[in-house]
Structure formats: C-alpha cells, structure tokens
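Q: This is the structure, below, for whatever I ask next.
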Amino acid sequence: MLVLGGHGVLGTMIAGAAQAAGWTTIRSSRRPHAGFCHVDLAEPQTLEKVIDEADVIVSTVPDEQLVAERMVLDRGGLLINVSAIAASAAARLSREPGPPRGTVLMNAGIAPGVTNLLAADLLARHPEADEVEMVFTISVKGSTGPAGGHPDWLTATKRHRTTVVDLPEPFGRRRCLGIAEQHNGWLGPIAAGKTVRTYLCMTERRMQRALLTVNAAGLIGRLPRSAFTATPVPEATAEPIRHWVAVRQRGTLLAASTLRCRGDYQSAAAATVLSAGQLAGHHDPLPAGVLVPEEVLTIGELEPGLAEAGIAVAGERSS
C-alpha cells in the first residue's frame with residue numbers, strides 16, 4: 001500500500017493500521033524525509049517512479065489537479081481517495097477522455113465513506129424515501145494536522161439551515177448546523193432525485209453554540225480560514241464519534257443508523273484499510289473508472305471488520 005500524504009497525521013495512522021493488518025506500506029512525503037519516498041504531486045514524475053510498486057494507493061491529499069487519480073485511470077491500478085475533497089472531483093474525473101484502465105474510489109474513509117454505505121443501506125430498505133439526512137460529529141480535541149479542516153463546508157454560504165436531532169449519548173438532543181450543501185453528502189447515483197442534507201455537531205457544546213450564533217447573524221461565510229485551523233493534534237485521540245444517517249419521506253423519519261466509535265482519524269484509518277482489503281481481495285475484477293463507496297461496497301461486508309476495530313453500527317439496517 002502506497003500512502004500519499006504519509007507524513008501527515010491521517011496518513012501516518014492509515015499506514016500504521018495497514019501494517020497491523022499485514023500490508024507492506026510505502027509512505028510518501030512531499031519533502032524529503034528519512035524512511036519516506038519522495039512524491040510531490042506538482043512533479044508527476046516523482047509519482048511515476050513508485051506507482052507501479054503498489055497494489056493499492058491511498059491518498060489523503062486533497063489535490064485539486066487530481067494528478068494521482070488521473071495517473072491511475074490512465075495506467076491501471078487501484079486508488080482510494082480519503083481526503084474528503086469536493087464531491088465534484090469525481091464528476092471531473094469521470095469526464096477524462098479515453099477508456100479508463102484503473103479504478104479510482106472517491107469519497108472513501110468514514111464520513112464521508114462508511115456513512116455513504118449506511119445511506120445506501122437505508123435507501124435500499126426504504127426506496128420511498130425522498131430525503132437523506134446526515135450528521136457528522138466533530139471535536140476540536142480530535143486528531144488533526146496543520147492542513148486539517150474543511151472551511152469551505154461552512155463558508156460557502158452566509159447562512160446555513162439548522163435542525164434538531166436526537167443523537168445517541170453523549171450528545172443527546174442537539175441543534176445541528178448545516179454544512180457542505182454543495183457536496184450533496186458525497187453520495188453518488190443512489191441520491192439522484194433525493195434531497196440530501198448534511199449537518200455538523202461539535203462535541204463541545206460551547207463551540208456549537210458559537211457557530212450557531214455566527215450562523216444566525218449571517219456572518220459564517222465571512223469567517224477567515226484561520227478560524228478553522230486548530231492546533232495540530234498528531235497523536236491518536238479517543239473523542240466520541242456518533243455519525244448519524246437517516247432517511248425521510250415528506251419530512252417524516254423512516255429509519256436511522258449511527259456509527260459509534262472513538263477517534264475520528266483513527267476510525268477513518270481503520271475503515272480505509274478495511275475497505276482496501278475488501279477491494280483488493282475481490283474475486284471479480286473491479287470495474288475500471290471512477291466509483292464511490294456505495295457502488296462497490298456494502299455495510300454488511302464491512303460490519304464485522306468495523307466491529308473488530310471498535311466501530312459499531314447501530315440502528316435499522318437491511319439484511
């Protein structure tokens with residue numbers, strides 16, 4: 001497994017989880033470091049030197065030019081993107097000229113990623129649903145690196161909608177703030193024709209209240225990037241995570257499922273390695289092209305491994 005961005009916090013955790021699962025890992029870094037291979041996506045030739053050594057490439061890098069993804073589509077192989085890059089990136093890749101030789105899985109990880117699988121599962125059970133609702137829980141005390149955070153999730157508009165959701169403990173009943181409307185929950189074709197609403201709930205109630213106040217004033221779009229740049233927390237943390245996915249019809253709740261775990265980054269790392277193992281071990285060849293998690297994975301396939309990693313799926317699920 002080649003981990004692009006392997007010198008970063010998430011990349012380090014993914015490499016560690018992969019090694020624990022039996023993978024041989026190659027960690028890349030944009031700057032020369034002992035024990036890392038040098039890959040600078042601004043210099044594609046540095047990737048060309050190592051790309052054929054990997055069975056699977058995992059990218060934590062939100063590269064707007066999609067250099068690695070385009071290279072895999074052109075040359076072959078499997079790349080899993082866990083950077084939570086804009087959902088439109090998958091559409092841009094799909095428009096690349098010529099027939100694809102490789103497979104690129106976009107929007108992977110845990111949220112988005114495993115949350116996509118929960119949404120697909122609920123929609124399969126409730127095809128009458130016309131709305132998907134997601135709540136991502138985040139803590140300012142969670143693992144993060146200098147490049148962590150996605151300010152565009154909040155600053156793309158001056159005011160977001162809010163909603164009240166009864167989340168599992170320790171969150172409880174909370175008012176959640178709409179985010180990332182432009183990304184449509186990072187869902188693929190399963191969400192066609194449906195309304196998708198994604199919300200944020202901070203673990204820290206004081207921080208959540210502050211965001212809601214700024215949002216109510218119509219000022220959230222003016223917040224500088226520095227407001228979302230937390231002090232790096234490079235070690236694995238154990239903050240409670242309760243990502244919530246629900247389906248509704250005409251506003252009425254039909255069903256909901258929750259991902260319960262501890263530590264956003266370490267859970268994302270575990271989910272990524274589990275997904276990589278599932279895809280690399282597929283008996284049938286993966287289709288070439290650009291895919292999203294719900295097109296090649298199911299929550300049922302991953303659930304036993306998720307449970308072993310301390311990631312529990314609670315709520316209604318189809319068999």
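The values are calculated or read from the model by the stated rules, or taken from the named source; none is laboratory data. Everything numeric here is computed off the predicted structure, so don't read it as measured data. Quick reminder, even Gly has a Cβ in these numbers, built from the backbone with ideal geometry, and neighbours come from all protein chains shown. Heavy atoms of the whole protein, side chains included, go into the accessibility calculation; ligands, DNA and RNA do not. Shrake-Rupley method; radii C 1.70, N 1.55, O 1.52, S 1.80 Å.
Q: Among residues belonging to the range 273-300 that are modelled with pLDDT of 95 or more and of a type in the set (Asp, Glu), point out the one that is least open to solvent (accessible area, probe 1.4 Å).
A: GLU294
Q: I'd like the full set of residues that are β-branched (Val, Ile, Thr) and out of contact with any Gly (no Cβ under 7 Å at 6 or more places or on another chain), limited to the range 251-304.
A: THR252, VAL273, VAL290, VAL296, THR298, ILE299
Q: Under 18 Å from PRO293 (Cβ atoms) and either open to solvent by 20 Å² or more (accessible area, probe 1.4 Å) or among the basic types (Lys, Arg) (or both): which single residue out of SER88, SER83 fits that description? Steps first, please.
A: Details: SER83 fails: either open to solvent by 20 Å² or more (accessible area, probe 1.4 Å) or among the basic types (Lys, Arg) (or both).
Exactly one of SER88, SER83 is under 18 Å from PRO293 (Cβ atoms) and either open to solvent by 20 Å² or more (accessible area, probe 1.4 Å) or among the basic types (Lys, Arg) (or both), namely SER88.
Q: Related question: Which of the numbered conditions does ASN116 fail, given that it passes all the others? Conditions: (1) over 19 Å from LEU2 (Cα atoms); (2) at pLDDT 95 or above; (3) more than 11 Å from the chain's Cα centre (by Cα); (4) not aliphatic (A, V, I, L, M).
A: Status for ASN116: all satisfied but (3).
Q: Going through the range 31-41 one residue at a time, which ones are in contact (Cβ under 8 Å) with a residue 24 or more places away in the chain and within 23 Å of the chain's Cα centre (by Cα)?
A: Selection gives VAL39, LEU41.
Q: A further question on this structure: Need the failing condition index for ALA18 against (1) over 23 Å from VAL296 (Cβ atoms); (2) crowded, with 19+ Cβ neighbours inside 10 Å; (3) out of contact with any Asp or Glu (no Cβ under 8 Å at 6 or more places or on another chain), just the number.
A: (1)
Q: Would you confirm whether or not the range 106-117 contains a residue that is closer than 16 Å to THR198 by Cβ, in contact (Cβ under 8 Å) with a residue 12 or more places away in the chain, assigned to a loop (DSSP other than H, G, I, E, B) and among the polar types (S, T, N, Q)?
A: Taking every residue of the range 106-117 in turn, at least one turns out to be closer than 16 Å to THR198 by Cβ, in contact (Cβ under 8 Å) with a residue 12 or more places away in the chain, assigned to a loop (DSSP other than H, G, I, E, B) and among the polar types (S, T, N, Q).
Q: Moving on to the next point. Looking only at the range 65-87, decide whether some residue is closer than 30 Å to THR258 by Cβ and either in a helix (DSSP H, G or I) or without any contact (Cβ under 8 Å) to a residue 24 or more places away in the chain (or both).
A: Yes.
Q: Would you check which residues across the range 21-47 are surrounded by fewer than 15 Cβ atoms within 10 Å (Cβ to Cβ) and outside any loop (DSSP other than H, G, I, E, B) and list them?
A: The answer is GLN45, and nothing else.
Q: Answer yes or no as to whether ALA180 is surrounded by fewer than 20 Cβ atoms within 10 Å (Cβ to Cβ), within 30 Å of GLY5 (Cα to Cα) and of a type in the set (A, V, I, L, M, F, W, C).
A: no
Q: PRO112: over 14 Å from ALA256 (Cα atoms) and surrounded by fewer than 16 Cβ atoms within 10 Å (Cβ to Cβ), yes or no?
A: Details: over 14 Å from ALA256 (Cα atoms): yes; surrounded by fewer than 16 Cβ atoms within 10 Å (Cβ to Cβ): no.
Judged against the criteria, PRO112 is not a match.
Q: Go through (1) on the phi > 0 side of the Ramachandran plot; (2) surrounded by fewer than 16 Cβ atoms within 10 Å (Cβ to Cβ); (3) of a type outside the set (A, V, I, L, M); (4) modelled with pLDDT under 95 and name the single condition LYS158 misses.
A: So the condition that LYS158 fails would be (1).
Q: Identify all residues within the range 197-218 that are open to solvent by less than 10 Å² (accessible area, probe 1.4 Å) and either in a helix (DSSP H, G or I) or without any contact (Cβ under 8 Å) to a residue 24 or more places away in the chain (or both); write none if there are none.
A: Residues satisfying the conditions are GLN208, ASN215.
Q: Please find, within the range 6-15, the residue that is modelled with the highest pLDDT out of those that are assigned to a loop (DSSP other than H, G, I, E, B) and crowded, with 23+ Cβ neighbours inside 10 Å.
A: Checked the range 6-15; the qualifying residue modelled with the highest pLDDT is GLY6.
Q: Take the range 251-272 and flag every residue that is under 22 Å from GLY6 (Cα atoms) and open to solvent by less than 10 Å² (accessible area, probe 1.4 Å).
A: Hits for the range 251-272 are GLY263, SER267, ALA269, ALA271, THR272.
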